[in-house]
Amino acid sequence: MVGEFAAEDGSPWALVVNLSLSHSAKVGLTLQPPLEGGSVISAEDGSHLAMEAGNCLWLAAGQGALLALR
């Protein structure tokens, strides 16, 4: 499941959640111009981590990820 929203300053964000409680999932994002990529926000310390090539990331069962898009 993907939710898209914009911050107060207009910057685009997305929240991606693996709805399966038993299987991991590889998520690949197809971004529309002018978006080119983004970073995953660490749930542990709030740092920005680069997404894999092709704007992909792995989510464990039930896991979600906050994405800062650019």
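Could you pull the Cα extents of segment 1-50 along its three principal axes, largest to smallest, in whole Å?
Principal extents (largest minus smallest coordinate, Cα): 37, 27, 19 Å.
Calculate, in nm to one decimal, what Glu44 and Trp58 gain on full extension: separation in residues at 0.36 nm each, minus their alpha carbon distance.
Working: separation 14, 0.36 × 14 = 5.04 nm, distance 1.65 nm.
Stretched fully, the Glu44-Trp58 segment lengthens by 3.4 nm.
Tell me the label-point distance for the pair Gln32, Glu8, using the 7 Å Cα-to-Cβ offset, in nm and rounded to one decimal.
Placing both labels 7 Å beyond Cα along the Cβ direction yields 2.7 nm.
Could you work out what % of the accessible surface of the chain is carbon and sulfur, using a 1.4 angstrom probe and leaving DNA, RNA and ligands out of the count?
On the chain, the fraction of accessible area on carbon and sulfur atoms equals 57 percent.
Out of the GluC sites (Glu not before Pro) in the chain, which ones are loop residues according to DSSP with at most 13 other C-beta atoms within 10 Å?
Glu8, Glu36, Glu44
The values are calculated or read from the model by the stated rules, or taken from the named source; none is laboratory data. The shown structure was predicted, so the numbers you read here are calculated from the model rather than taken from an experiment. Methodologically, a virtual Cβ is constructed for each residue, glycine included, from the backbone with ideal geometry; neighbour enumeration extends over all protein chains shown. These accessible areas exclude ligands, DNA and RNA; they are computed on the full protein's heavy atoms, side chains included. Shrake-Rupley method; radii C 1.70, N 1.55, O 1.52, S 1.80 Å.
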